[in-house]
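Contents: one structure, followed by commentary.
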Amino acid sequence: MRSDAATAPNPDDLLVLLAVGRTGRYTAAADDLGLNHTTVARRIESLEKALGGRVLARGSAGWELTELGRRAFTAAEGVEDALGGLVAAASGTSSLGGVVRMSATDGFSAYLAAPAAVAVRRRHPAITVEIVTATRLASQHRSGLDIEVVVGEPHVHRAEAMRLADYTLGLYASHTYLREHGVPRTRGELAQHPIVYFVDSMLQVDDLDLARTLAPQMSESVTSTNVFVHVEATRAHAGVGLLPAFMADRHADLVRVLPGIGATLTYWLVARTESFRRPEVAVVVDAIRAVAHANRDALLGRATVDECTPNHDARRSSRSM
């Protein structure tokens, strides 16, 4: 497609390009804009006709911006900012608004992403944060998502990744379980106890494939794709749970056993380059980073007893079992 003379593009077409450029998918952009897929395609065709060239090209990660498309995308951001400023001036509210969609693991979503979202909402009430829980590799297509938080360093195309924080996994059991079954004192004694962890056949993240390396002789007890199930099953005396310290240390009825056995993993944040440029996404990212930094000791299992558990005696009693 090529034309000798470009014409002024329709601002509505530019805003459609903005949505497609951020999501990489016509269908996701259509959902965001309240349009249908056909209308989005027609708007993009209209924009390309006005500009005299292609603004999108199909890539391995979905639709990607061409060089002309990147220039049009920048212009579209200006249109969006101008409209947002006009609305803000008319209403007397913050100029930042809209929906920011993110995915993260269950534990991160509850204890880090949710507080970050609340902090954003306090400063920018017009921003809505949608959190989808998932334990998986970073997506190559990120359709409809602005932010992903994953475990382990991601290898992604046309996206940016930043390291958020390290966190520790350790072995935990309830006081009741240890009284009834004894406290494992060595790695070899772990073979006498069942483990509570992920469903091995459904685990998608290599960095979480730890149970067979840390405690290869342990049989499985209750397994689940949800880490909150791991915590609650361990609290219900199902066996020895391999749990994130920042989740397990909140419960006075859980005791860490064999502290020398564990692993340190890393949370990473991933977003398309275009998403990082959205001001509302940027403030959510900043809030997530701030919460992760503030909780770095708890994530590594280094928080004090007062910070993590309501009962000092719980830790003291574990040493006498």
- [ ] Can you run down the residue pairs with Cβ atoms below 8 Å, 6 or more apart or on separate chains, where the first is in the stretch 220-238 and of a type in the set (Lys, Arg) and the partner is outside any helix (DSSP H, G or I)?
- [x] ARG235/SER174; ARG235/HIS251; ARG235/ASP253; ARG235/LEU254
- [ ] Answer yes or no: is there a residue in the stretch 245-256 that is more than 30 Å from THR128 (Cα to Cα), among the basic types (Lys, Arg) and modelled with pLDDT of 95 or more.
- [x] yes
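Need a quick list: strands (runs of 3 or more DSSP E) entirely within the stretch 220-290 having at least 1 residues that are among the small types (Gly, Ala, Ser) and surrounded by fewer than 19 Cβ atoms within 10 Å (Cβ to Cβ).
Numbers: elements: 220-223, 240-244, 254-272.
Because the criterion is at least 1 residues that are among the small types (Gly, Ala, Ser) and surrounded by fewer than 19 Cβ atoms within 10 Å (Cβ to Cβ), the strands (runs of 3 or more DSSP E) in the stretch 220-290 that meet it are 220-223, 254-272.
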Open item on the list: Which residue is farthest from ASN226 (Cα to Cα), if the candidates are limited to the stretch 87-110 and must be polar (S, T, N, Q) and modelled with pLDDT of 75 or more?
Closed with: SER103
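Would you say ALA303 is among the hydrophobic types (A, V, I, L, M, F, W, C), modelled with pLDDT under 90, within 21 Å of ALA110 (Cβ to Cβ) and not in a strand (DSSP E or B)?
Numbers: among the hydrophobic types (A, V, I, L, M, F, W, C): yes; modelled with pLDDT under 90: yes; within 21 Å of ALA110 (Cβ to Cβ): yes; not in a strand (DSSP E or B): yes.
Criteria met by ALA303.
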Open item on the list: Just the residues that are part of a helix (DSSP H, G or I) and at pLDDT below 70, please, taken from the stretch 196-213.
Closed with: SER201, MET202, ASP206, ASP207, ALA211, ARG212
TODO: Say whether the condition of being under 17 Å from VAL291 (Cβ atoms), modelled with pLDDT of 85 or more and either among the hydrophobic types (A, V, I, L, M, F, W, C) or under 20 Å from the mean Cα position of the chain (by Cα) (or both) is met by at least one residue in the stretch 75-86.
DONE: no
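Restricting to the stretch 20-30, give me the number of residues that are touching a residue at least 12 places away in the same chain (Cβ under 8 Å), buried (at least 17 other Cβ atoms within 10 Å of the Cβ) and assigned to a helix (DSSP H, G or I).
Initially, the stretch 20-30 is screened for residues touching a residue at least 12 places away in the same chain (Cβ under 8 Å), giving 20-29.
Narrowing the set further to residues that are buried (at least 17 other Cβ atoms within 10 Å of the Cβ) leaves 20-26, 28-29.
Restricting the remaining residues to those that are assigned to a helix (DSSP H, G or I) gives 20-23, 26, 28-29.
Number satisfying all stated conditions: 7.
Listed here are the residues, each with its yes/no results for (1) touching a residue at least 60 places away in the same chain (Cβ under 8 Å); (2) of a type in the set (S, T, N, Q); (3) in the same structural domain as GLU130 (by TED's automatic domain parsing); (4) touching a Phe, Trp or Tyr at 6+ places or on another chain (Cβ under 6 Å).
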site	(1), (2), (3), (4)
GLY152	yes, no, yes, no
VAL156	yes, no, yes, no
SER174	yes, yes, yes, no
ARG179	yes, no, yes, no
GLY188	no, no, yes, no
HIS193	no, no, yes, no
Open item on the list: Condition first: of a type outside the set (A, V, I, L, M, F, W, C) and exposed (fewer than 15 other Cβ atoms within 10 Å of the Cβ). Now tell me which residues in the stretch 40-65 satisfy that.
Closed with: ARG42, GLU45, GLY52, ARG58, GLY59, SER60
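The values are calculated or read from the model by the stated rules, or taken from the named source; none is laboratory data. Keep in mind that what you see is a predicted model, and the values were worked out from it rather than measured. For neighbour counting, all protein chains shown are included, and Cβ atoms are generated from backbone atoms with ideal geometry for every residue, glycine included.
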